[in-house]
Amino acid sequence: MKSLIKCFVVLWLAGCSASPALKLKSIDFTDLPDWEHDNTIEAYDALKKSCVAIETRYQPDLKNDIKSWQQVCSRFASIPRDEVSFRIFMEENFTPYSVKFKGKEDGVITGYYEASLYGSHTRHGQYQYPIYGVPNDGIIDNGIVKKVGFFGGVKPYYTREEIEKKKIDAPVLAWVDNPVESFILHIQGSGRVELDNGEIMHVGYAANNGHKFVAISGLIAANGSRPKGSSMNDIKLWLEENPVEAKKIMAQNPRYIFFRKIIGEGPIGAQGVALTPERSIAVDRNHIPLGAPMWLDTYSPSGETIRKLVVAQDMGAAIKGGIRADYFWGYGDLAFERAGKMKSKGRYFIFLPKGVEL
């Protein structure tokens, strides 16, 4: 059992077959930078959601020591929601570990947010851009929509340009008023739509068309144009100020995302739980198990120090490496501004249940 636990701590990979590039060292809570200054209770709900997932659903990332995590989560269920009780629980049930990847303790911390759009259930007026659900004229193969060929077999589904030019057989979840915001929704993978009847609809990633994602910044550069800066904020502004060129450029990214309605809170991360603004992060699950509480040490785009308790609850195509994270800012204009500008040097520490030894 100890060999399995050791493998889990070092790699968290099935079969323990990968090279041990991730190195952990146990430390004290007092060694965490500014541990005593964080308002940790803000992470209480995030950890509660992850614990529900750990206790009720299969967690492949934790399979080598799932019982230890379930026991901790079972104890957490009886902890009152107050700062003192939560801190005592964390210190009594977890051991913090410093993390090094390929000999380095620092990595890149970026930010993301929940896209916010305005829309309607019906197509009229300014609401002309569809948010599609999974097409009816395709088949799903491992999260990818494919078309059945005329003589049998399967072939790639339509590209973004083809989808936007033709009427596909797919449900429309909502019609939104801004093609640029719609495009950004496809990049973020989840969002909220404020409907004209006052309703708030959360939508999340359901599938994609199987075509390669092409970054919008590269497409703009190839067009011979240059936004004022390189952040997503600058790119969005350029797209909105150059609508004719923007339409042509956005169509050159063949990847297209299909969405599903989310009932209740949103957005939903890869662990299957609703994300908590400024307390959820996306990680590379080849190195960090989803559901693990972590201590993040980085800074915001404005230079403000971010040292706080977060929970690994999501993943992303660009989030690769042992020390690599995407910090969830929430939704709205301020969240978009912060997320679009964030690319900070940072590090993190991971908390493992006591009794899990190297």
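Return the pair list, or none, for Cβ contacts closer than 7 Å from residues in segment 285-300 that are within 15 Å of PRO96 (Cα to Cα) to residues that are surrounded by fewer than 20 Cβ atoms within 10 Å (Cβ to Cβ) and among the β-branched types (Val, Ile, Thr), at least 6 apart or on different chains.
LEU296/ILE306
Please identify the pairs in which a residue from segment 258-279 that is closer than 28 Å to ARG160 by Cβ has its Cβ atom under 6 Å from the Cβ atom of a residue that is of a type in the set (Val, Ile, Thr) and in a loop (DSSP other than H, G, I, E, B), counting only partners at least 6 apart or on another chain.
PHE258/VAL134
Residues that are closer than 16 Å to GLU91 by Cβ and either modelled with pLDDT of 95 or more or within 23 Å of the chain's Cα centre (by Cα) (or both): does segment 55-65 have at least one?
To start, the set of residues in segment 55-65 that are closer than 16 Å to GLU91 by Cβ comprises none.
Looking for residues that are closer than 16 Å to GLU91 by Cβ and either modelled with pLDDT of 95 or more or within 23 Å of the chain's Cα centre (by Cα) (or both), one finds none in segment 55-65, hence no.
Can you tell me which residue among SER280, SER300 is buried (at least 19 other Cβ atoms within 10 Å of the Cβ) and either out of contact with any strand residue (DSSP E or B) (no Cβ under 7 Å at 6 or more places or on another chain) or of a type outside the set (Asp, Glu) (or both)? Break it down stepwise before answering.
Values: SER300 fails: buried (at least 19 other Cβ atoms within 10 Å of the Cβ).
Result of the check over SER280, SER300: SER280.
Which ones in segment 320-358 are small (Gly, Ala, Ser), crowded, with 19+ Cβ neighbours inside 10 Å and in contact with a helix residue (DSSP H, G or I) (Cβ under 8 Å, 6 or more places away or on another chain)?
ALA339, GLY340 - these are the residues of segment 320-358 that are small (Gly, Ala, Ser), crowded, with 19+ Cβ neighbours inside 10 Å and in contact with a helix residue (DSSP H, G or I) (Cβ under 8 Å, 6 or more places away or on another chain).
Scan segment 46-65 for residues that are within 17 Å of PHE351 (Cβ to Cβ), assigned to a helix (DSSP H, G or I) and not hydrophobic (A, V, I, L, M, F, W, C) and report the count. Show your work before the answer.
So the first thing to find is which residues in segment 46-65 are within 17 Å of PHE351 (Cβ to Cβ), and the list is 46-51, 53-54, 59, 61-62, 64-65.
Right, trim to assigned to a helix (DSSP H, G or I) and you get 46-51, 53-54, 61-62, 64-65.
With the extra rule that they be not hydrophobic (A, V, I, L, M, F, W, C), the set shrinks to 48-50, 61, 64-65.
Counting residues in segment 46-65 that are within 17 Å of PHE351 (Cβ to Cβ), assigned to a helix (DSSP H, G or I) and not hydrophobic (A, V, I, L, M, F, W, C) gives 6.
Based on this model, can you work out whether GLU241 counts as free of Cβ contacts under 8 Å to residues at least 12 places away in the same chain and on the phi < 0 side of the Ramachandran plot?
On the way: free of Cβ contacts under 8 Å to residues at least 12 places away in the same chain: yes; on the phi < 0 side of the Ramachandran plot: yes.
Yes, satisfied.
Please find, within segment 303-319, the residue that is farthest from PHE86 (Cα to Cα) out of those that are among the hydrophobic types (A, V, I, L, M, F, W, C) and crowded, with 22+ Cβ neighbours inside 10 Å.
Within segment 303-319, the first condition is being among the hydrophobic types (A, V, I, L, M, F, W, C), and the residues that meet it are 306, 309-312, 315, 317-319.
If we keep only those that are crowded, with 22+ Cβ neighbours inside 10 Å as well, we get 309-312.
Numbers: LEU309: 12, VAL310: 14, VAL311: 14, ALA312: 18 Å.
For segment 303-319, the residue satisfying everything is ALA312.
For segment 186-199: of the residues being of a type in the set (A, V, I, L, M) and modelled with pLDDT of 95 or more, which is surrounded by the fewest Cβ atoms within 10 Å (Cβ to Cβ)?
So the first thing to find is which residues in segment 186-199 are of a type in the set (A, V, I, L, M), and the list is 187, 193, 195.
If we keep only those that are modelled with pLDDT of 95 or more as well, we get 193, 195.
On the way: VAL193: 25, LEU195: 19.
The selected residue is LEU195.
Just give me the residues in segment 23-33 being part of a loop (DSSP other than H, G, I, E, B) and farther than 15 Å from MET90 by Cα, in sequence order.
Going through segment 23-33, the residues part of a loop (DSSP other than H, G, I, E, B) turn out to be 27-28, 32-33.
Residue satisfying the conditions is PRO33 alone.
Answer yes or no: is there a residue in segment 3-20 that is under 22 Å from the mean Cα position of the chain (by Cα), under 25 Å from ARG347 (Cβ atoms) and at pLDDT 95 or above. Step through it out loud before you land on a result.
Of the residues in segment 3-20, the ones under 22 Å from the mean Cα position of the chain (by Cα) are 11-13.
Then drop every residue that is not under 25 Å from ARG347 (Cβ atoms), which leaves 11-13.
Going one step further and asking which of them are at pLDDT 95 or above, we end up with none.
Scanning segment 3-20 turns up no residue that is under 22 Å from the mean Cα position of the chain (by Cα), under 25 Å from ARG347 (Cβ atoms) and at pLDDT 95 or above.
Can you say whether GLU164 is in contact (Cβ under 8 Å) with a residue 24 or more places away in the chain and either within 30 Å of THR276 (Cβ to Cβ) or under 24 Å from the mean Cα position of the chain (by Cα) (or both), as far as the supplied structure shows?
no
Do we find that VAL180 is under 15 Å from ASN209 (Cα atoms), outside any loop (DSSP other than H, G, I, E, B) and under 22 Å from the mean Cα position of the chain (by Cα) in this structure?
Details: under 15 Å from ASN209 (Cα atoms): no; outside any loop (DSSP other than H, G, I, E, B): yes; under 22 Å from the mean Cα position of the chain (by Cα): yes.
Answer is no for this residue.
The values are calculated or read from the model by the stated rules, or taken from the named source; none is laboratory data. Everything numeric in this text was worked out from a predicted model, so none of it was measured. Positions of Cβ are generated from backbone atoms using ideal geometry, with glycine treated the same way; all protein chains shown enter the neighbour counts.
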